[in-house]
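Everything on this sheet refers to the single structure shown next.
Read the figures in this text as sums done on the coordinates, not as results from a lab. Source: prediction; values computed, not measured. We place every Cβ from the backbone using ideal geometry, glycine too, and count neighbours over all the protein chains shown.
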């Protein structure tokens, strides 16, 4: 039996292709490591039951079950390997995929990874009322029905957008300092790493959801555009 990887992602309105920020982190890893995989797109109401059936334990953080998740069927093991990447302190999907390919390093233990994770999270949380309506517009009717009332309320907030951008500018500045530390073009200088994929996943989500928000991101921090272009080859496969 050849190795077979099943990648679980969240579906969207037609045309169906990858869009979820957290799932893009893992998809970028799959594409970078040149691993063959099958994508199974799920509606939001089906995520928990599907991942429970795989035997995955619920996350102790955030949602109990969320994409991305993978199943690895390998001739080297008698049982399939399952991993979930969202809501964990360490991305189990990235770690499981790195174990399959040792030649290309993701540098999952780099100190910059923790910094990038923190600053990108703060940026997205600060700007949530700006990008959330665009995200909701991508959901299928089944997924939209199950979305939490709290997130729907946040999406309807009439936020002062320029004030939100002003607050986020501090996090952009700190992210920029990390990008400059090793003199680029990647977070670790001339080495591609998982930290880059966290940033690019964010940008790829915005390009799908609302290109105008992406354009504002690369104005706030010009280095983001070069990083995205350098990583663009790993965004080509999106299904």
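So, in Å, what gap is there between the alpha-carbon centers of the range 46-64 and the range 183-204?
29
What number, in percent, do you get for the relative contact order of the chain if the mean sequence gap of Cα pairs under 8 Å and at least 6 apart is divided by its residue count?
Numbers: 331 pairs, mean separation 57.2, N = 239.
It comes to 24 percent, rounded to a whole number.
Could you tell me whether the range 111-235 comes out rounded, prolate or oblate from its Cα gyration tensor? Rule is a ≥ b ≥ c as square roots of the eigenvalues, rounded for a/c under 1.5, then prolate if a/b exceeds b/c, otherwise oblate.
Prolate is the answer for the range 111-235, as a/c is 1.5 or above and a/b outweighs b/c.
Would you calculate the separation in nanometres between label points at residue 166 and residue 3, each defined as 7 Å from the Cα along the Cα-to-beta-carbon direction?
Roughly 5.1 nm, to one decimal.
Which of rounded, prolate, oblate describes the range 4-100, given a ≥ b ≥ c as roots of the alpha-carbon gyration tensor eigenvalues and a/c under 1.5 marking rounded, otherwise prolate only if a/b is larger than b/c?
Taking the square roots of the gyration eigenvalues as a ≥ b ≥ c, the range 4-100 is rounded.
Just to be sure I understand, if you calculate semi-axes √(5λ) of the Cα gyration tensor in Å for this structure, which of (i) 28, 24, 15; (ii) 31, 19, 17; (iii) 36, 19, 16 do you get?
Checking each listed value against the structure points to (i).
Which order do 191, 128 fall in if you start with the one that has the fewest other Cβ atoms within 10 Å? Before the final figure, lay out each step's value.
Numbers: 191 13, 128 16.
Listing 191, 128 from fewest to most nearby Cβ atoms yields 191, 128.
Please arrange 118, 193 by counting, for each residue, the other beta carbons lying within 10 Å of its beta carbon, fewest first.
Least crowded to most crowded, the residues run 118, 193.
At a Förster distance of 22 Å, what's the computed FRET efficiency of residue 174 paired with residue 215, Cβ-Cβ distance as r, to 0.05?
According to the calculation, E is roughly 0.55.
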